[in-house]
Every structure is written in C-alpha cells, then in structure tokens.
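First comes the structure, then the notes that go with it.
The values are calculated or read from the model by the stated rules, or taken from the named source; none is laboratory data. For clarity, every value in this text was computed on a predicted model and none was experimentally measured. Cβ sites come from the backbone with ideal geometry, for glycine too, and all protein chains shown count toward neighbours. We work out accessible area using only protein heavy atoms, side chains counted, and drop any ligands, DNA or RNA first. Shrake-Rupley method; radii C 1.70, N 1.55, O 1.52, S 1.80 Å.
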Amino acid sequence: MQILKSGLIVLVFFSLHFPLFSEERSDFDHVRKAVVQIKVYSQAFSAFTPWATDGVRASSGTGFLIGNKRILTNAHVISNAKYVQVQRYNQTEWYRVKILHVAHDCDLAVLEAEDPEFYKDSTDLSLGEIPELNSSLIVVGYPIGGNKVSVTRGIVSRKEQSKYEHSSVDSHLVLQVDAAINPGNSGGPAIQNNKVVGVAFQVATKGENIGYLIPTKVIHHFLKDIEDGKYDGYVELGIGTFNSFNVALRKAKGIPEGLEGVFVTRILPNGSADGYLKEGDYLTEIDGLAIGRNGTITLDKDARVDFTETVDDKYSGEPIRFKVFRNGKLIDVEFKAKRMPDFDFMRNRYDTPFDYSMIGGLLFQEMSRDLLGAWSRSGNTSGGSQFLYRYDYFIEDGIGRTKKADVVLYRKLAHPVNSSSDYFLNLVLESVNGEAINSLSDLKRIIEGSKSKFLKLKFLNIDLPLILDREETQKADSQIRSTYGLE
C-alpha cells in the first residue's frame with residue numbers, strides 16, 4: 001500500500017510539449033486573477049496533554065475563487081487556524097478571511113475575505129468534468145521559494161478511490177498525476193480547457209513524481225452539501241465485502257455461472273445497510289451498475305473504481321439500490337443512505353480541544369485516533385492490547401449500539417494518591433460506583449455528584465477494581481494542577 005502524505009504542497013510538473021493554454025494569453029490572465037495565496041497561523045491542540053496547545057505555526061497555501069465571494073481550498077491548509085489572510089496576484093495588501101465551511105472528511109474548505117476590496121478586478125473559475133487518462137493539465141499556485149504565482153504542467157495517469165490522509169479514514173475518488181513534488185502550497189486549481197478539474201492536495205511519500213488531485217466530483221458533493229448553510233458529511237454503506245474470484249467458493253455458494261459480484265462478509269451496526277443486507281449476500285448490481293468480481297464498477301470509458309464510489313455520490317436520505325443473489329434467487333434490496341457518527345472517533349480531529357477528566361492525577365479521555373497516536377508515541381504502552389483492540393473493533397462488535405464511546409485511563413500524573421494505579425493504565429473504564437460509563441460526560445457527572453467515601457473504578461475484563469478515597473483525590477487534584485501546570 002502506498003503511504004500518502006497530505007501537507008502544504010504544490011505540484012511541480014515535468015515540462016511537456018504542450019502550450020500553456022490552447023486559448024489566448026488572456027485566458028491565463030482570467031485564471032491568474034482567480035487564484036489566491038493563503039497565509040495561515042495555526043495552533044494545534046494536544047491529545048496527550050489536553051490542557052495545553054502546541055506552538056503557533058506559520059504556513060501557506062493556495063485557493064481560488066469559485067463565485068459568490070467564495071474561496072475554495074484544502075481543509076488541511078486552514079486546520080487549527082488562529083488567523084488566516086489572503087492575497088491575489090498583483091495585490092500588495094493582505095486581507096483577513098473568515099472560514100465558512102470545513103469538510104475534514106474530503107479535505108475541502110470555503111473561505112471569504114472580510115474586505116470587499118480584496119475582490120476588486122477578480123475573476124471566478126468554473127468547475128469542469130473529470131479529465132480523461134493521459135490528458136494534460138496545468139496546476140496554478142504559490143510554491144515556496146517566491147511570492148509570485150506559478151504554473152506547472154502534468155498528465156493524468158490514474159483514477160481510483162484512495163484514502164484521504166487528512167482524516168486518515170475516509171476514501172474518495174482521486175486523480176493521480178505524474179509529477180515532481182516540492183514542498184509548497186496545497187489547494188491550487190488544476191486547469192484543463194480553461195476549467196477546474198481538480199485541487200492539488202496529497203503526494204506519495206514512496207515513489208517519484210506521484211501527486212494527487214481532488215476531482216470535481218468530490219468538490220461538487222461538498223458544495224451541494226453546504227447549500228443549506230452547514231456541512232453534514234458523507235454517508236457510509238457500512239459493510240465488508242470479499243471478491244468472488246474463487247470458483248470453488250462460487251460453486252459452494254450456488255452462484256450461477258457468469259453472474260459477477262462480491263460477497264458480503266460483515267454488516268457494521270448503524271450503517272446504511274444495517275437491517276437490509278445480510279452476511280453471505282452476493283451483490284451483483286448497485287443502482288443499475290454491474291459489480292465485477294473484484295468489486296469494481298465502470299466509472300467512465302477508461303477507469304473502474306470500487307462500487308462504493310456510487311454511495312459516495314449520495315446524500316443522507318437518498319436511496320441505495322442493490323440487486324442481490326440470496327437463498328438461490330436474485331432480489332432487489334433498497335434502503336436509504338445515512339451517516340455513521342460511529343466513525344467520527346476514528347478520524348483525525350482538528351479545530352477543537354480534547355476534553356478530559358482527572359481523578360487523583362489519573363487522566364481519562366474518550367477513545368480517538370489522535371489519542372491513540374499520541375499514546376503510542378508516549379512510550380508508556382504497557383498492557384495496551386485492550387486499548388488497541390477496542391479501537392479496531394468498537395464499531396464492528398456492535399458496542400456503539402448502546403455506548404457512545406470507550407473512556408480510557410491513558411496516563412497518570414504521579415502523586416502519592418495514585419501510586420498503586422499503574423496496573424490499570426491503558427484500560428477501558430467500565431463503571432464507577434456501579435454506574436456504567438458510556439461517555440466522558442457520564443464519568444464527569446458521576447464524580448461530581450458522588451457523596452461516597454470511596455470511588456470504585458471498575459475496568460473492562462478486570463475483576464479487581466481500583467479503589468480511591470474521594471476526598472483525598474480531590475485534595476490531590478488541586479496539588480497536581482499546580483505542580484504540573486494545569487491551572
């Protein structure tokens with residue numbers, strides 16, 4: 001699997017024997033007046049030390065005007081931003097902007113400049129179709145090493161569904177471009193036939209000259225989603241599948257000769273397919289499109305992509321239609337698409353602090369990808385197998401049906417009151433004084449309302465509870481906050 005890296009990048013393409021535009025030079029002037037340089041001052045929140053923030057970081061990016069004073073760019077360009085300003089070609093002043101919408105699951109964002117003067121003599125770019133393989137395009141942006149707009153060329157080499165590194169979970173359609181990659185700015189428009197066909201956003205850390213664009217199909221989905229003034233996010237089918245290359249398996253399952261499709265191997269609780277599809281179902285069509293034995297459908301004349309790409313195009317409440325071979329016959333199964341909030345904890349988090357609770361110097365947090373990453377880098381991962389298992393199988397095991405989140409004892413700030421608690425580190429908290437812990441808010445409520453002399457902390461799959469003197473822990477917490485700078 002390729003390792004992808006999202007960051008502030010610009011696609012710098014090898015020179016090809018194509019003109020800059022087939023149109024007149026004035027067409028490039030139109031594009032140049034729409035492209036925006038973005039300067040960002042950001043400050044990330046710390047998952048491992050949730051009462052603190054990282055230092056302020058300066059970075060730059062690119063965006064472009066798409067109409068109604070909107071500037072389109074990557075979400076990772078402005079994530080955790082404290083202050084954002086923009087400037088266009090030939091402007092000498094920087095203008096402050098406000099962030100209107102952010103979609104971390106597809107790495108897109110919309111900004112708006114506060115001063116109308118910024119838009120003087122500007123132009124807007126329109127969105128085009130998905131380009132064909134082996135077709136040429138240019139990317140316009142602001143690479144490092146200068147303050148002038150830069151134009152580079154490249155060739156579309158692949159269309160596929162791939163993971164977007166900004167969230168580290170979500171997969172959407174991407175365009176692969178043969179390109180030399182230099183650090184610089186993300187968010188620059190890829191132009192073909194004088195229209196935007198993609199946004200530069202991601203590079204491969206293995207291999208040379210491989211860059212990725214967000215295609216207009218994803219951009220259109222984002223822009224339609226925010227038409228009501230808020231971003232809802234992508235829906236999830238919520239199933240696992242297995243290819244049908246194995247002839248013996250197909251015969252054992254009674255699949256008719258020549259009927260292509262894939263087997264359903266698992267149904268995730270709370271997903272769109274929950275209650276409609278079944279394990280063992282053989283999916284042959286989705287929305288009238290034939291599913292191949294490798295699980296792909298035809299995207300256009302020169303590309304096949306995973307059949308879930310069809311679900312990616314939908315919004316909450318829209319129908320998903322399958323033709324399914326089940327119990328020896330073909331049937332039609334239809335259900336509505338919906339989001340899966342259960343997946344949210346698995347995405348990288350931006351723009352918001354990490355909530356936590358401290359009991360006698362013991363730090364508790366809800367399970368998240370950020371916490372898992374910070375915990376794994378801390379070096380204190382002894383006994384963390386339960387931590388890892390619950391992260392991987394929280395959704396699949398159906399825990400999310402009745403439980404909002406796992407609450408983990410992930411760290412302690414040493415003090416005499418917690419000197420005997422090391423055994424319980426990296427475990428999931430099950431209950432306190434007999435009350436179930438289904439979220440961090442449950443833990444806070446129980447601790448704040450408790451009048452008991454002792455706090456009995458019961459951890460998952462551990463018979464022996466951790467017993468703390470409630471008054472002693474409260475006194476210790478005041479000392480710990482002062483000693484460790486939590487004030």
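Worth pointing out:
- Region 369-387 residues that are more than 14 Å from Leu427 (Cα to Cα) and touching a residue at least 40 places away in the same chain (Cβ under 8 Å), paired with ones that are assigned to a helix (DSSP H, G or I) and open to solvent by 20 Å² or more (accessible area, probe 1.4 Å) (beta carbon under 6 Å, 6 or more apart): Arg369/Met346
- Among the residues examined, Val428 qualifies as in contact with an Asp or Glu (Cβ under 6 Å, 6 or more places away or on another chain) and open to solvent by less than 30 Å² (accessible area, probe 1.4 Å).
- Inter-residue pairs, beta-carbon under 7 Å, first closer than 18 Å to Phe354 by Cα and in region 429-446, second open to solvent by less than 60 Å² (accessible area, probe 1.4 Å) and basic (Lys, Arg), 6+ apart: Asn438/Lys403
- Residues satisfying the stated conditions in region 441-466, i.e. among the small types (Gly, Ala, Ser) and surrounded by 14 or more Cβ atoms within 10 Å (Cβ to Cβ): Ser441, Ser450
- For region 349-359, the set of residues classified as touching a Leu at 6+ places or on another chain (Cβ under 7 Å) and assigned to a strand (DSSP E or B) consists of Ser357, Ile359, listed by residue number.
- Looking only at region 264-314, and only at residues there that are basic (Lys, Arg) and under 24 Å from the mean Cα position of the chain (by Cα), the one that is nearest to Ile130 (Cα to Cα): Arg304
- Test for Tyr391: is it open to solvent by 70 Å² or more (accessible area, probe 1.4 Å), aromatic (Phe, Trp, Tyr) and out of contact with any strand residue (DSSP E or B) (no Cβ under 8 Å at 6 or more places or on another chain): no
- Some residue of region 76-85 being without any contact (Cβ under 8 Å) to a residue 12 or more places away in the chain and surrounded by fewer than 15 Cβ atoms within 10 Å (Cβ to Cβ): no
- Hits in region 275-288 - residues which are buried (at least 18 other Cβ atoms within 10 Å of the Cβ) and in a loop (DSSP other than H, G, I, E, B): Leu277, Asp281
- The set of residues from region 66-93 being closer than 12 Å to Gln37 by Cα, hydrophobic (A, V, I, L, M, F, W, C) and touching a helix residue (DSSP H, G or I) at 6+ places or on another chain (Cβ under 9 Å) comprises Leu72, Val84, Val86.
- Among (1) open to solvent by 60 Å² or more (accessible area, probe 1.4 Å); (2) at pLDDT 95 or above, the one test that Asp469 misses: (1)
- Residues being more than 26 Å from the chain's Cα centre (by Cα), crowded, with 16+ Cβ neighbours inside 10 Å and at positive phi are represented in region 351-363 by at least one member.
- Counting the residues of region 45-64 that are among the aliphatic types (A, V, I, L, M), closer than 30 Å to Arg481 by Cβ and open to solvent by 30 Å² or more (accessible area, probe 1.4 Å) gives 2.
- Every residue from region 331-348 that is touching a residue at least 60 places away in the same chain (Cβ under 8 Å), open to solvent by 60 Å² or more (accessible area, probe 1.4 Å) and either in contact with a helix residue (DSSP H, G or I) (Cβ under 6 Å, 6 or more places away or on another chain) or assigned to a strand (DSSP E or B) (or both): Lys336
- Looking across region 20-37, the residues that are at pLDDT 55 or above and either of a type in the set (A, V, I, L, M, F, W, C) or part of a strand (DSSP E or B) (or both) come down to Phe28, Val31, Ala34, Val35, Val36, Gln37.
- The residues of region 289-314 that are open to solvent by 10 Å² or more (accessible area, probe 1.4 Å) and under 14 Å from Gly240 (Cβ atoms), listed by number, are Asp306, Thr308.
- Cβ pairs under 9 Å, 6+ apart, first in region 218-241 and in a strand (DSSP E or B), second acidic (Asp, Glu) and open to solvent by less than 10 Å² (accessible area, probe 1.4 Å): Ile239/Asp281
- Asn327 being polar (S, T, N, Q) and touching a Ser or Thr at 6+ places or on another chain (Cβ under 8 Å): no
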